[in-house]
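Down below is the structure, laid out as structure tokens.
The values are calculated or read from the model by the stated rules, or taken from the named source; none is laboratory data. Given the structure is predicted, the values throughout are model-derived calculations rather than measurements. Glycine also receives a Cβ, built like all others from the backbone with ideal geometry; neighbour counts cover every protein chain displayed. What goes into the accessible areas is simple: the full protein's heavy atoms, side chains included, and nothing from ligands, DNA or RNA. Shrake-Rupley method; radii C 1.70, N 1.55, O 1.52, S 1.80 Å.
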Amino acid sequence: MTDAAAPRRLRVLAAMSGGVDSAVAAARAAEAGHDVTGVHLALSENPKSFRTGARGCCTIEDSHDARRAADVIGIPFYVWDLAERFREDVVEDFIAEYEAGRTPNPCLRCNEKIKFAALLDKALALGFDAVCTGHYAKVILREDGSRELHRAADMAKDQSYVLGVLDDRQLAHAMFPLGDTPTTKAEIREEAARRGLFVAKKPDSHDICFIADGDTQGFLAKRLGAAEGDIVDESGAKLGTHEGAYGFTIGQRKGLRIGTPAADGKPRYVLDISPVDNTVTVGPAAALDVTALTAIRPRWCGRPPESGEAVYTAQLRAHGGETEVRAEVVDGAELRVSFAEPVRGVAPGQAIVLYDGTRVVGSATIATTTRRSTAAAGAPRQQAG
């Protein structure tokens, strides 16, 4: 929701993580004349167990930083406890997806289920018009009253990928004050300093906020337990063992602990993860080439695509580039995608986000992939979650 789309004074709930982006976003919304209230989401049932040192967005110190920023801006501030909802919808989903051999994106899930579902529903019930966040993306109001989600003005900071799950209703109540800013992160920090915001020099959050030490494999092992299985090559020959197939992702190269070198001396990568027999299959990089995929649970950002196959660009990970695809929605429930050029590192559980120029068409969860055979003649490989 841009100011041009909403000239009236709005009641805005600003989600303040304790970082510089959300603080500047809240300040800009207040400066634009809106009635802004800041809120920090308490997402951990035990905040002290989350990382310290300003690396995450869920610590006690983060809530203190957000409160100080709200005080400087001059807006009311509250802390809302959504820890139980976060645990059920994000953390437990994350664990279940890895256990099933898939690769989830918890940040995208958090936007879908927490910031623009649980938080938005509560905000609307309390009479707020919009939820404001520090994401770098744009919402554009069309003449017919519909809204579109677009990439940020600065592609280097664009975060539209993790917002590709937002539907028309959620876009109608979303505000991203940083999306029109073609400036560097350094300039955002300078703006924060000019505004007197203490978080101007605070490091960006990174990694997964609920994994305190950044050790995803260790986090999963504590919750799922050790489950020794085999690491095999494409022929099925055993190369080594692992302590849990859930600790691997498609395309992974490091940490395989294979004692036997490949015949060609080249590195091997994770090709398949089978939770059924607890087996991890590895092979050459070329075997990762994906030519097509199917995706389920599509969500459209505004108007859905027209029927029939069409050309789009697609993004397959939060910090990945664009690739040209042909895509078609089948029976409203499945997205079938073929790539103009093979891509690598595509795994079931990940999100594919489709774009028409800068407009976000929508997203879906990858269910199966089709790989180009590494043999001169042979059927394409199928990899399913």
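Of the residues making up the range 9-46, those that are in contact with a His (Cβ under 9 Å, 6 or more places away or on another chain) and open to solvent by 30 Å² or more (accessible area, probe 1.4 Å) are 9, 11, 17, 21. Scan the range 261-275 for residues that are under 9 Å from residue 285 (Cα atoms) and of a type in the set (Ser, Thr, Tyr) and the total you get is 1. Here the range 197-242 is the region considered, the condition is being aromatic (Phe, Trp, Tyr) and crowded, with 18+ Cβ neighbours inside 10 Å, and the residue that is modelled with the highest pLDDT is 219. When we screen 295, 314, 327 for residues that are over 20 Å from residue 358 (Cβ atoms), open to solvent by less than 60 Å² (accessible area, probe 1.4 Å) and modelled with pLDDT of 95 or more, the only hit is 295. You will find that of 308, 259, the residue that is open to solvent by less than 60 Å² (accessible area, probe 1.4 Å), more than 12 Å from residue 346 (Cα to Cα) and part of a loop (DSSP other than H, G, I, E, B) is 308 and no other.
Filtering the range 179-190 for residues that are β-branched (Val, Ile, Thr), touching a residue at least 40 places away in the same chain (Cβ under 8 Å) and assigned to a strand (DSSP E or B) leaves an empty set.
Counting just the residues of the range 97-136 that are among the basic types (Lys, Arg) and part of a helix (DSSP H, G or I), which one comes out nearest to residue 276 (Cα to Cα)?
Just the residues of the range 97-136 that are among the basic types (Lys, Arg), to begin with: 102, 109, 113, 115, 122.
Filter again for part of a helix (DSSP H, G or I), leaving 109, 113, 115, 122.
Values: 109: 25, 113: 29, 115: 34, 122: 40 Å.
Filtering the range 97-136 for residues that are among the basic types (Lys, Arg) and part of a helix (DSSP H, G or I), the one nearest to residue 276 (Cα to Cα) comes out as 109.
Filtering the range 69-96 to residues that are among the small types (Gly, Ala, Ser), open to solvent by less than 30 Å² (accessible area, probe 1.4 Å) and within 24 Å of residue 272 (Cα to Cα) leaves nothing. Going through the range 339-385 one residue at a time, which ones are outside any strand (DSSP E or B), open to solvent by 20 Å² or more (accessible area, probe 1.4 Å), of a type outside the set (S, T, N, Q) and modelled with pLDDT under 95? 344, 372, 375, 376, 377, 378, 379, 380, 385 - these are the residues of the range 339-385 that are outside any strand (DSSP E or B), open to solvent by 20 Å² or more (accessible area, probe 1.4 Å), of a type outside the set (S, T, N, Q) and modelled with pLDDT under 95.
Against the conditions (1) of a type in the set (A, V, I, L, M, F, W, C); (2) under 16 Å from residue 108 (Cβ atoms); (3) open to solvent by 50 Å² or more (accessible area, probe 1.4 Å), where does residue 171 fall short? Just the number, please. Condition not satisfied by residue 171: (3).
Every test in (1) more than 30 Å from residue 331 (Cβ to Cβ); (2) open to solvent by 60 Å² or more (accessible area, probe 1.4 Å); (3) touching a residue at least 12 places away in the same chain (Cβ under 8 Å) is passed by residue 282 save one, and that test is (2).
Please enumerate the residues belonging to the range 245-256 that are among the aliphatic types (A, V, I, L, M) and either open to solvent by 30 Å² or more (accessible area, probe 1.4 Å) or in a helix (DSSP H, G or I) (or both). Please lay out each step first, then the result.
Filtering the range 245-256 for residues among the aliphatic types (A, V, I, L, M) gives 245, 250, 256.
Selection gives 245 alone.
Considering only residues in the range 229-244 that are assigned to a loop (DSSP other than H, G, I, E, B) and touching a residue at least 24 places away in the same chain (Cβ under 8 Å), the one that is nearest to residue 92 (Cα to Cα) turns out to be 244.
Among the residues of the range 7-21, which ones are part of a loop (DSSP other than H, G, I, E, B) and among the basic types (Lys, Arg)?
The initial filter retains those residues of the range 7-21 that are part of a loop (DSSP other than H, G, I, E, B), namely 7-10, 16-19.
The answer is 8, 9.
Under the condition of being out of contact with any Phe, Trp or Tyr (no Cβ under 7 Å at 6 or more places or on another chain), within 19 Å of residue 313 (Cβ to Cβ) and modelled with pLDDT of 90 or more, the residues counted in the range 147-181 number 10.
When 326, 336 are checked against the criterion of being in contact with a Leu (Cβ under 9 Å, 6 or more places away or on another chain), closer than 19 Å to residue 370 by Cβ and assigned to a strand (DSSP E or B), 336 stands alone in meeting it.
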